[in-house]
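These notes are about the structure you will find just below.
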Amino acid sequence: MTSSSVSLAPMQALRQNMSRVFVGKEEALELILTALLCGGHVLIEDVPGLGKTTLVSSLARSLGCSFARIQFTPDVMPADVTGYTLFNMATGEKEVHPGSIMHQIVLADEINRTGPKTQSALLEAMQERQVSIDGVTYPLPTPFMVLATQNPAELTGTFPLPEAQLDRFLMRISLGYPTRAEEKEILERNMQGISPASLSSVMRVEELLALQEAFHQVRCAQSILDYIISLADATRHHEQIALGISPRGSLALMNAARAYALLQGRDFVQPDDVQKLIEPVFVHRIILQSQAVFRQQTPVLVLRSILREIPVPNIR
């Protein structure tokens, strides 16, 4: 990397510390760290019991950041998330009571178990990095990252996230079941008492902010930008897609590719970076035509067909 003013050693220490608790799934861990570098939010979708909360808790424990967990249930109200004001009878003044969102790392656990009204309380925070309480705007701390977990929509008691909410997430990832070897390691570590609570911080806030500043120095060539635009535009005109990628999605793919390049020790983006990240960045932003769903097509399959059709640029 030509910019030698920042070291990736803190990020490597962060990865190793999280791996003490979170077994396997290196690709998912790498995607989480990619989102962390560019300040994006991540939606982790999978069936219960696969380590979604463990992954986020491990990240929060390993970072020297403030952390809050919001356990979403049907009775959680928007004010529980953003905060509220309360009149103090003794002083005669209104007092602001900040909500759980006023932290640097926020775990929105089982976000689709609460109603749309409460889900929408996260929109302003995730996009504008601020919250409004009784007409007054309060900035959120820096850095700020929301990691949400959700169960598959076919499980009972869930409320599907609206498209506007999904679009605020930089990427959506899935963990999947562990291998036999990984599951055995999970059981053994549990017997040894290794859990997220046993982890200590290995990265200071200043180190994370320095890495996020270095992310802004990663170059993206014109041919790469054209490649990203061509991929997004192809989703807008594909016969099997009802809702394609918006400019926010193109921006998300560019930033994710830049952060991933930095994570690999480079200050420039390669086509491989874009190809690796297009699925987690685009898959939750696409809505298929009903005929495509009937033919058992999926957003992943359609994206892979688009990747094969769009010419890959040559980068020197």
ask   = Quick one: is PHE144 surrounded by fewer than 19 Cβ atoms within 10 Å (Cβ to Cβ), of a type outside the set (D, E, K, R), closer than 28 Å to LEU209 by Cα and within 16 Å of the chain's Cα centre (by Cα)?
value = no
query = Can you pull out the residues in region 143-160 that are in contact with a helix residue (DSSP H, G or I) (Cβ under 7 Å, 6 or more places away or on another chain) and at pLDDT 85 or above?
reply = PRO143, MET145, VAL146, LEU147, ALA148, THR149, GLN150
remark   = Among residues of region 33-76 being over 12 Å from the mean Cα position of the chain (by Cα) and in a strand (DSSP E or B), the residue farthest from GLU206 (Cα to Cα) is GLN71
task = For region 159-173, indicate whether the set of residues that are assigned to a helix (DSSP H, G or I), buried (at least 18 other Cβ atoms within 10 Å of the Cβ), outside the structural domain of LEU122 (by TED's automatic domain parsing) and not β-branched (Val, Ile, Thr) is non-empty.
result = no
Filter result (touching a residue at least 40 places away in the same chain (Cβ under 8 Å), small (Gly, Ala, Ser) and buried (at least 19 other Cβ atoms within 10 Å of the Cβ)) within region 233-284 = ALA234, GLY249, ALA252, ALA256, ALA259, ALA261
request  = Considering each residue of region 17-32, count those that are at negative phi, in contact (Cβ under 8 Å) with a residue 12 or more places away in the chain and over 12 Å from the mean Cα position of the chain (by Cα), and give that number.
outcome  = 6
message = Residue under question is SER246, and the condition is that it be farther than 24 Å from ARG168 by Cβ and not hydrophobic (A, V, I, L, M, F, W, C); does it hold?
response = no
request  = Name the single residue, out of those in region 90-128 being under 22 Å from ALA252 (Cα atoms) and acidic (Asp, Glu), that is surrounded by the fewest Cβ atoms within 10 Å (Cβ to Cβ).
outcome  = GLU128
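The values are calculated or read from the model by the stated rules, or taken from the named source; none is laboratory data. This one's a predicted model, so the numbers in the text were calculated from it and none came from an experiment. Cβ: placed from backbone, ideal geometry, glycine included. Neighbour counts: every protein chain shown.
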